[in-house]
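Working notes, beginning with the structure itself.
The values are calculated or read from the model by the stated rules, or taken from the named source; none is laboratory data. This structure is a prediction, so every number in the text was calculated from the model and none was measured. Neighbour counts are summed over all protein chains in view; Cβ atoms, including those assigned to glycine, are modelled from backbone coordinates with ideal geometry.
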Amino acid sequence: MSSIPKDIRNNLCKFSGEDFAVIRVCSTKIQLYFMVIGFFVLLILFCCFLSALYFTEHLFHNSITDISVGIIWGYIVTNLYVLLLYTITPSLLPKKDRKKNKGIAKSIDLNISMALRISLVILLGTITAQPLNIFLLKPDSEAFAIDIRNLLTNDFRGWFITVIVIAIFLLPIYLKYSIRKLGEFYEMKSEIEKQIIEDNYRDFKKRYKLIIRDKISDYNKSVWENLMPFLTKLEQLNTTTYQKHFNEIKNELVKEKIEKYEYWANPPFRTIHKSETKNLLSEQDLLNHIYLETD
């Protein structure tokens, strides 16, 4: 593959809204899917720009204002769309489902969440399509809102263009779901994200250990400084008592070995409880404990 097509493919993959560092190490088929998604994202950006440009032209009749509003509106809608597209991804990190009947509940939650996102995408597509209807079918229109209503009521071409624009908005969502079936990408991304979290958690535990150790060391030093005047006086009065207390304090104020206790078997994801092994004794052991044998 020549360098130019490869550069185009890489740039289109970046517009897909997914992690390009993971995409670039995947198979060519996976990259092709994300390239198509990136192409449709650019197409949506162009449609939003053209739609806003034509709409504002009817309001301001100023080229600079029209282009500025078109760019800003296209940027806002496209970023919102890419954000919605990014959320259409399987759960990559371990999580604990705390709900009863979790299979049914999870399915309902997923359906409601997906329905809301798809509805928003359809709404964005419908809004974007209406100025394009006027632009393509009635370029000399002056009654903008009335013409939109008339086109959708009396001209099937208005609905046809609207459906095409909505399809452009929905197709990347279908492609994102198709990538799940191919495997590789989300599995690789899951491993990378888990590794990042585990590395950061390991660094956190090291910092935690050093901070607590330093705090204990400072505390021990402070205690020694506060007690030394009293120990010095005690030494002058009673050497034996002084030595006894000195040894007790010395044994008490030692460097502690600090380790963060984990309540979970898979920190930091905290989805699996530690299994507690209990050594259950027999009934006879209980009786022997209660009625101790005497010599």
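Assorted remarks:
- Ile72 falls short on exactly one of the conditions (1) farther than 14 Å from Pro131 by Cα; (2) among the hydrophobic types (A, V, I, L, M, F, W, C); (3) crowded, with 19+ Cβ neighbours inside 10 Å, and that condition is (3).
- Selection from the range 238-287 of residues that are part of a helix (DSSP H, G or I) and polar (S, T, N, Q): Thr239, Thr240, Thr241, Gln243, Asn247, Asn251, Gln284
- Residue check for Trp224: free of Cβ contacts under 8 Å to residues at least 24 places away in the same chain, of a type in the set (Phe, Trp, Tyr) and not assigned by TED's automatic domain parsing to the domain that holds Ile118: no
- Ser51 being touching a residue at least 40 places away in the same chain (Cβ under 8 Å) and crowded, with 17+ Cβ neighbours inside 10 Å: yes
- Within the range 216-244, being in contact with a Leu (Cβ under 9 Å, 6 or more places away or on another chain) and over 22 Å from Lys255 (Cβ atoms) holds for Thr241, Tyr242.
- Of the criteria (1) of a type outside the set (Phe, Trp, Tyr); (2) at pLDDT 90 or above; (3) in the same structural domain as Tyr261 (by TED's automatic domain parsing), which one Val165 fails: (3)
- Considered as a group, the residues in the range 54-69 that are within 18 Å of Phe135 (Cβ to Cβ) and among the polar types (S, T, N, Q) include one that is surrounded by the fewest Cβ atoms within 10 Å (Cβ to Cβ), and that residue is Ser63.
- When residues of the range 128-148 are limited to those that are free of Cβ contacts under 8 Å to residues at least 40 places away in the same chain and within 41 Å of the chain's Cα centre (by Cα), the one surrounded by the fewest Cβ atoms within 10 Å (Cβ to Cβ): Ala145
- Options Leu234, Leu280: the member that is surrounded by 10 or more Cβ atoms within 10 Å (Cβ to Cβ) and out of contact with any Asp or Glu (no Cβ under 9 Å at 6 or more places or on another chain): Leu234
- Residues that are of a type in the set (Ser, Thr, Tyr) and either in contact with a His (Cβ under 9 Å, 6 or more places away or on another chain) or surrounded by fewer than 20 Cβ atoms within 10 Å (Cβ to Cβ) (or both), drawn from the range 1-48: Ser2, Ser3, Ser27, Thr28
This table checks each residue for (1) within 19 Å of Ile148 (Cα to Cα); (2) more than 31 Å from the chain's Cα centre (by Cα).
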site	(1), (2)
Arg24	no, no
Ile30	no, no
Ile37	no, no
Phe49	yes, no
Ile64	no, yes
Tyr75	no, no
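- Matching residues, the range 256-271, being within 30 Å of Asn220 (Cα to Cα), surrounded by 11 or more Cβ atoms within 10 Å (Cβ to Cβ) and not charged (D, E, K, R): Ile258
- Matching residues, the range 184-213, being over 14 Å from Thr89 (Cβ atoms), of a type outside the set (D, E, K, R) and within 23 Å of the chain's Cα centre (by Cα): Gln195, Ile196, Ile197, Asn200, Tyr201, Phe204
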